[in-house]
Amino acid sequence: MADRRIISPDDSGYGWVEVRTPDVVVADSLRVPNTIIAPSGVAFPGAPTAEEWFWRSDTTTLYRRNSTNTAWDPISGAVALGAAAFYPHGFVNQTDSSLTFVPGTSTLTVTTVSGYDFYYQGNLFHKSANDSIVVGVATGLHFIYYDATGALVDSLVPWNLQTAVPVATIYWNNTVTDGVFGDERHMSNMSWSQHYYLHTTIGTRFRTGLAASGYALDTDTDAAVTFGLSAGGVLDEDIPINITHAAVPTNRFEQYLTDPAKIPVFYRTGASGEWVWDAPVDFYFKNVAGGNQRVSWNQFTLGAWQQTEAASANYVAYWIFATNHWLNPVISIQGQREDSNLTNARLNNTLDTLSFGSLPFQEMKLLYRMIVRTNNGYGGTRKAMLSDVSDFRAVSTVAGNFVPANHASLGDLNTSGHPATIIHTTSGGWGKNLKTTDTDVQLALQSTDEHTHAIKAGIVLKASFAGNPRKATVTFTTPYPDTNYSIAHVIYTDGSSNAAFIATVENKTVNGFDLSLHSGNINDVIDVEWITKPVGE
């Protein structure tokens, strides 16, 4: 495909289309030179000259005036399509304008000091004053954009990036009469076709920083369960979202990031599943008011979304995202399940298990998954303990399950990243291989090795028996985990006196057992051979 692009218009108000293409034979058999520059508009200009070029932006067609200056000839579709794909389309910059949204009047305003410019399909529009639109009352994600006439439009239908100049998205909840908005002022040096490709295939990507710190795992204090974030950023295609700390956020992409970071929690409610959010506080998770005040999760039950208090000692995941929200761009999305152990919480909490409905933002990048455990006996004001932190900043993701390309892409590889909490000492599925004292991986491996070598055997020589009746003690080199093992033995004699011997087991422990021959005269005995194995093997 040829390289075709659009350059800026001149003072006449016409856009100037520059089409770069290899030599192409046109209808009148003349060759198109490597560079063509043509004015553009929605109507052919008056008093054209022969062989003049013109771009009809309303029909996305490139024309050439014929050699007799009597008609406009359309150029091939491939050439016209190439030009349409590369004309300037978007804001000239993001510094001449700003955005404000007033929930009380549901009004979005593009504000300016000295005016701002944007292109629509190669046509330049200049706004010399603030421009506002009142968002409709329907709950959901509203798309605010400029149309072909340079007017602001509010629509619940996602915009067509070729026929709209994006300005902002606003998620409006009419039940609580509040809204959150994201900045979508993409610039004109990125074509609509490139924007479409990046938005649909790559999306918002992590750039730098946003490192979590200040928390401590498995510690039930408020200070341990909260965290702070370093300044950093993500990229919404050509919009850098540089998130910085502010004690009182007032400017674009500011947020209170110092530990404890103040992060708003988003969750769904009611039969329609509309999104609501809490004001940013020191905690990124929610607790049910009243009751036991344990950590809650977002449950869909009986046809509606609600807050449900997790059972004591259970686990709930919370998802930390960076967005293009104008203020407080880092948000927390509440998990939609609870789990009784950490292993299941890790396995079951993936993005493809979440029901998002209509998300409140178009641009979101997952940063962390925080798994919180709640317990009636925990200290702190929230009855919470942070059990697991998964870092997804550098993982390329789309909505669904997160699969790192390789192990090296995981975070914290230089620390003990595989904690003992992944080990369960319950008997289910393990045949009681592990002991409750197996608190780390090494002890678990030792118990597994012991189980592998659980069948023991030996020989007790006649000289080892003493006393009356004669008894001998068998001591295991490695103890059993419990006394639930069986013993078999065989007495070997020389038959010189035809005596019969019976051996019985006494004093059975995890460390061994005693063998009694019930006789003081064991001259005929050569030795006793024994074998043990756990019951059920």
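For residue 156, the residues whose modelled amide H falls within less than 5 Å of its own, excluding neighbours fewer than 5 places apart on the same chain, are 143. Between the amide H of residue 392 and those of 368, 369, distances stay under 5 Å, these residues lying 5 or more places away or on another chain, with hydrogens modeled in the peptide plane.
Modelled spin-label separation between residue 343 and residue 149, with each label point placed 7 Å from Cα along the Cα-to-Cβ direction: 6.5 nm. If R0 equals 30 Å, the separation of the Cβ atoms of residue 129 and residue 279 corresponds to a calculated FRET efficiency of about 0.35. Using a Förster distance of 35 Å, how high is the FRET efficiency between residue 307 and residue 211, based on the Cβ-Cβ distance and rounded to 0.05? Taking R0 as 35 Å, the efficiency between residue 307 and residue 211 is 0.70. Once the chain from residue 107 to residue 488 is taken as fully extended at 0.36 nm per residue, the excess over their C-alpha distance is 128.5 nm. In terms of other Cβ atoms within 10 Å, 243, 491 run from fewest to most in the order 491, 243.
For the peptides 526-535, 141-150, 329-338, 123-132, the ranking by packing is 329-338, 141-150, 526-535, 123-132, with the highest mean count of neighbouring Cβ atoms within 10 Å listed first. Using the Cβ of residue 209 as centre and a radius below 14 Å, the other residues enclosed give a net charge of +3, where K and R count +1 and D and E count -1. Scalar couplings 3J(HN,Hα) for region 342-348, obtained by applying the Karplus form with A = 6.51, B = -1.76, C = 1.60 to θ = phi - 60°, are 5, 4, 5, 4, 5, 6, 8 Hz; x denotes Gly and Pro. Under 21 Å Cα to Cα from residue 262, which lysines show up? Leave out anything in the same chain fewer than 8 places away. Residue 262 reaches 286, 365, 383.
Protection proxy ranking of 311-322, 207-218, by the mean of other Cβ atoms within 10 Å over each peptide's residues and highest first, is 311-322, 207-218.
For the pair residue 535 and residue 246, label points projected 7 Å from Cα toward Cβ lie 7.0 nm apart.
Taking amide H positions as modeled 1.01 Å from N, with prolines and chain starts lacking one, the residues under 5 Å from residue 52 and 5 or more places away or on another chain are 65.
Taken about its Cα centre, region 205-422 carries a charge dipole of about 140 debye when Lys and Arg each add +1 at the Cβ and Asp and Glu each add -1 at the Cβ.
Spatially, region 250-287 and region 228-243 are offset by 18 Å when compared through their Cα centroids. Under the definition of Cα pairs under 8 Å and six or more residues apart, what whole-number percent is the relative contact order of region 205-422? Computed over region 205-422, the figure is 19 percent. With R₀ set to 60 Å, the beta-carbon distance separating residue 353 from residue 455 gives a calculated FRET efficiency near 0.90.
Computed from the coordinates by the stated procedures, all read-outs in this text should not be read as laboratory data. All figures in this text were calculated on a predicted structure; none of them were measured in a lab. Neighbour counts run over all protein chains shown; Cβ positions are idealised from the backbone, glycine included.
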